[in-house]
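This report concerns only the one structure given below.
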Amino acid sequence: MKEVIIIVATLLLLASCTEKPSTPAPKKNKVETKEQVTKPTKKSAPKRTVSDEHYKEAVKLLKSVSDKDVADVDAAKKFKIHCAACHGIKGNMVINGSKDLSISKLPLEESVAQVYFGKGLMTPFKGVMSDAEIVAVAKYIEGFR
């Protein structure tokens, strides 16, 4: 019995000498000083999917084509002839690396630039379609969204 008491006493002594894991102290709210407050940085312009040169050409193209000329184009027919093979009738078929036009968020200028100059495997339609047809198709594509 004496041995059991010695063992228990030794265990209690060892247990009281070892460090218990401490719980982390709660974080204090930081108070920012004038030196710590940084001025917000200017947001850069969103990255374009086309070169600046192609973007500028597309803007010129949009300004040069009249609304009447665009309205006279059967954009759905032109899209079916030139674009549907890769993009599908509804613009959501992705073949040969083509993009899903139903979820595209490209602004009209970039869309015109891509149709006009092409991109990746996409054929440039400059010279294949008139400027009014290109703008009409780009506007038609916006309807898929």
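Exactly one residue among V73, V94, V31, V37 is at pLDDT 90 or above and either under 16 Å from V137 (Cβ atoms) or surrounded by fewer than 16 Cβ atoms within 10 Å (Cβ to Cβ) (or both), and that residue is V73. Taking the criterion of being surrounded by 12 or more Cβ atoms within 10 Å (Cβ to Cβ) and assigned to a loop (DSSP other than H, G, I, E, B), the only residue of the range 52-70 that qualifies is V65. Given the structure, is S111 under 23 Å from R48 (Cβ atoms), touching a residue at least 24 places away in the same chain (Cβ under 8 Å) and not in a loop (DSSP other than H, G, I, E, B)? For S111, the condition - under 23 Å from R48 (Cβ atoms), touching a residue at least 24 places away in the same chain (Cβ under 8 Å) and not in a loop (DSSP other than H, G, I, E, B) - is met. State yes or no: is A132 more than 23 Å from R48 (Cβ to Cβ), in contact (Cβ under 8 Å) with a residue 60 or more places away in the chain and surrounded by 13 or more Cβ atoms within 10 Å (Cβ to Cβ)? Yes; evaluated as a whole, the condition is true for this residue. In the set (1) open to solvent by less than 50 Å² (accessible area, probe 1.4 Å); (2) outside any loop (DSSP other than H, G, I, E, B); (3) touching a helix residue (DSSP H, G or I) at 6+ places or on another chain (Cβ under 9 Å), L106 fails one condition alone, (2). Restricting the search to the range 78-89, which residues are basic (K, R) and either surrounded by fewer than 12 Cβ atoms within 10 Å (Cβ to Cβ) or under 15 Å from P124 (Cα atoms) (or both)? Answer for the range 78-89, where residues must be basic (K, R) and either surrounded by fewer than 12 Cβ atoms within 10 Å (Cβ to Cβ) or under 15 Å from P124 (Cα atoms) (or both): just K78. The set of residues in the range 87-119 being β-branched (V, I, T) and closer than 18 Å to K47 by Cα consists of I103, V112.
The values are calculated or read from the model by the stated rules, or taken from the named source; none is laboratory data. Owing to the predicted nature of the structure, the values given are computational and were not obtained by experimental measurement. FYI the Cβ positions are ideal-geometry reconstructions off the backbone, even for glycines, and counts take in every protein chain you see. Accessible surface areas use protein heavy atoms only, side chains included; no ligands, DNA or RNA. Shrake-Rupley method; radii C 1.70, N 1.55, O 1.52, S 1.80 Å.
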